[in-house]
1. By the scheme Lys and Arg +1, Asp and Glu -1, what is the net charge of all other residues having a beta-carbon under 15 Å from that of residue B:29?
2. Highest GNM mean-square fluctuation, chain A, Cα pairs closer than 10 Å: which of A:16, A:51, A:42?
3. For chain A, just the Cα set please: Rg and Dmax, both in angstrom.
4. Net charge within 14 Å of residue A:38 by Cβ-Cβ distance, Lys/Arg positive one each and Asp/Glu negative one each, not counting residue A:38 itself?
5. Could you compute the net charge surrounding residue B:96? Neighbours are other residues with a C-beta less than 15 Å from the C-beta of residue B:96; K and R count +1, D and E count -1.
6. Take residue B:55, project a point 7 Å from its Cα along the Cβ direction, then tell me which residues of the stretch B:62-99 have their backbone nitrogen under 11 Å from it.
7. Looking at chain A, identify the longest residue range that excludes and avoids all trypsin sites (Lys or Arg not before Pro) in DSSP loops having at most 10 other Cβ atoms within 10 Å.
8. In angstroms, what radius of gyration and Dmax does the stretch B:5-108 have, counting Cα atoms only?
Amino acid sequence: NAGVTQTPKFQVLKTGQSMTLQCAQDMNHEYMSWYRQDPGMGLRLIHYSVGAGITDQGEVPNGYNVSRSTTEDFPLRLLSAAPSQTSVYFCASSYLGQGGYYGYTFGSGTRLTVV
Amino acid sequence: GQQVMQIPQYQHVQEGEDFTTYCNSSTTLSNIQWYKQRPGGHPVFLIQLVKSGEVKKQKRLTFQFGEAKKNSSLHITATQTTDVGTYFCGTDSWGKLQFGAGTQVVVTP
């Protein structure tokens, strides 16, 4: 049981390049989310999904795309990287059970630098 | 924007002292979740509160949900160096988990 796996752990991009951050979970969680964390800014929600085929925007969605074709995977795409997207990106997953909401499991993060 | 506000933003504590961090909302919340993030690490789920006036304890950590379900607190007694990190509160609304800005805790030996 690996939990939430994010790849890559580190990435350097040039301005204008595109890339996909991968996120996979093996806990059969229906909820998955992407956050970015900048120094002193806390965790800001980029996009989230409540199940396969369903995605929605969070607080800071501009410049990012997501899709959820399977329960397990929730990739985050940077369309045209900008220096302002330099950040640490976290993927997280959870589920809604009979007892209500449950805590989220976070991946170890991807540190992205755009030069 | 953020549904919850956290205070203080920074907390310097001497080892052995107690401290409290607060999480406030202008609207009634269905739940409050607390997470801890060690320096260089990822957030780790600590606890969830859902009932009005609910109090839960985890060793030296005491979590409380206000009677009106608009605020929450995390109290740590006899702070240890292992308590260093940032503590976040958040609320989950149908899969949309949004966080407060966090309280960064620094412990002085």
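1. +1
2. Comparing A:16, A:51, A:42 in a Gaussian network model of chain A, the most mobile one is A:42.
3. For chain A, the Cα radius of gyration and maximum Cα-Cα distance read 13.6, 46 Å.
4. After counting each charged neighbour, the total is +2.
5. Local net charge: -2.
6. Backbone N within reach: B:62-65.
7. A:15-115
8. 13.0, 40
Values in this text are rule-based calculations from the coordinates and carry no lab data. This structure is a prediction, so every number in the text was calculated from the model and none was measured. Backbone-built Cβ (ideal geometry, glycine too); neighbour counts: all protein chains shown.
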